[in-house]
Amino acid sequence: MISISSSILSFTLARFTEEYAGRDSALVAKWNFGARGEDDTDGQFYNKGFTFDLFDSYQVKPMDFGSKSFTFTGGGSDVGIAYDVEMNGNDLLQLAADTVVGATYADIYAPFVFKITADINDGAADPEPGMFPHLSSCGDDWFRLSDIDTDEDGYFSIFDHTGDQRFFSRGSQDQVTVTVYWQWNTSCYMNDTGAASVTPNPSTEITGHYLPYYQDAYEQYYGPGGLDEQRNAAAQAVADYLEEHGSPSDDESWYTEYNQLVEAEHAAIENCETSLMTAYDDYDTAAVDALLAKDHVKVIFRITGEQIRPE
C-alpha cells in the first residue's frame, strides 16, 4: 500500500506599471486570486499555503479509484488574470525495476490512469477553459501519464493552449472547478508488457467484487468451469488413476493413459500461470514493491495566475 499526496499552489503578484507625467509609477493592485479544496471552508479561498491531496492521505492499493476537486477564482481582483493549472506526476512514471526483487517486467509503471474536467460557474461572465486534447489511451478521456508530453520539470498544462480562453476579467468573481478522477487500472498497461493482450477498461463501476477489468479475469480463473476448477479436476484425475492402478511399475514402463492425464494436468497448470488474472497480480505486485521502494511519491498540481496588463 502506498501513501500518495499532492500539493502546491503558485501565484504571481498583481503589479503593473503606468506612466504619469513622463515618469513610471508602480501600482500594487488588489489581488484576490485564490483557491480552495472541496473539503475547505465553503467560500474561503487561499492565496497562500493551499494544498491539494488527491488521494486523501490514505494508503493506496491496487484497483483503488476516486476523485477530488479544487476551485480557484479571480476573487474580484483589480486586474485581469491569465491562469493555468499544471500537473506533475513524475513520481508515478517509470519505476526503477532494479528496486523490485524478482520483478516480472523490465519496465514497471505505476498503473494509474486519470481523467480531468474543468467547469466554470453557472452564469459566468468569463469563458470556460478548454481542456487539453486527451490521448484517450484508455478510452473515454482517461489517460496515462506516460503518454503525455511534459516540460523538463515534468509539468504539463491540463488546458488547451491553442486559444486564449484561460482568464478572469478585471473584477471577476467567477470560479473554475477542476475535478481529477484517478484509478489504479492495470488493464491500461498490460498490452505494453507483452504478457497479455487486453482491451483497457477504465470504468469505476463495481460489477461484483472488483472493477470490471479485473472481474472478467477473476471469473475466467475462479468462475464455474474456470481455470482453477480445470486445474483441480486435472490433478484429481491423476490422483484417482494412481489410487486405482498404483504407482508406475518399477521397470519404468508407463501407462499411456496416465501420461495423458499428467500432460493434461501440466497444461491446466500452465493455463493458470499464464492467465490474465495472474498477469494482473504479477504486475500489481511489482508496481507496489517498486512504489514502496521509493522515498516519496507525489502528484503535484500547480495553479498559476499572472496579471493581464491593463489596456
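Below, the figures for the structure above:
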quantity: Alpha-carbon radius of gyration plus Dmax, which is the widest Cα pair, for the stretch 219-283 in Å; calculated: 14.5, 46
quantity: Inter-label distance, nm, simple model (7 Å from Cα along the C-beta direction), K48/A233; calculated: 7.1 nm
quantity: Long-range amide H partners of F112 with built H, under 5 Å; calculated: N185
quantity: Extended-chain gain in nm, criterion 0.36 nm per residue less alpha-carbon gap, N191 and D153; calculated: 10.9 nm
quantity: Distance between modelled label sites at Q94 and S137, nm, 7 Å Cα→Cβ extension; calculated: 1.2 nm
quantity: Using a Förster distance of 41 Å, the FRET efficiency for N259-A293 (Cβ separation, nearest 0.05); calculated: 0.35
quantity: Förster-model FRET efficiency, 51 Å R0, D122 and Y222, C-beta, rounded to 0.05; calculated: 0.60
quantity: Cα-Cα over 26 Å, subset of K30/K68; K48/K298; K115/K298; K68/K298; calculated: K30/K68
quantity: Span from the the stretch 164-198 Cα centroid across to the the stretch 208-245 one, whole angstrom; calculated: 38 Å
quantity: Among A264, A279, G246 the positive-end extreme of the charge dipole of the stretch 219-283 (Cβ point charges); calculated: A279
quantity: Cβ-derived FRET efficiency at R0 25 Å, S203 paired with T162, nearest 0.05; calculated: 0.25
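Every read-out reported here was derived from the displayed coordinates using simple, explicitly stated rules and does not represent laboratory data. Quantities reported herein were computed from a predicted structural model and do not represent experimental measurements. Methodologically, a virtual Cβ is constructed for each residue, glycine included, from the backbone with ideal geometry; neighbour enumeration extends over all protein chains shown.
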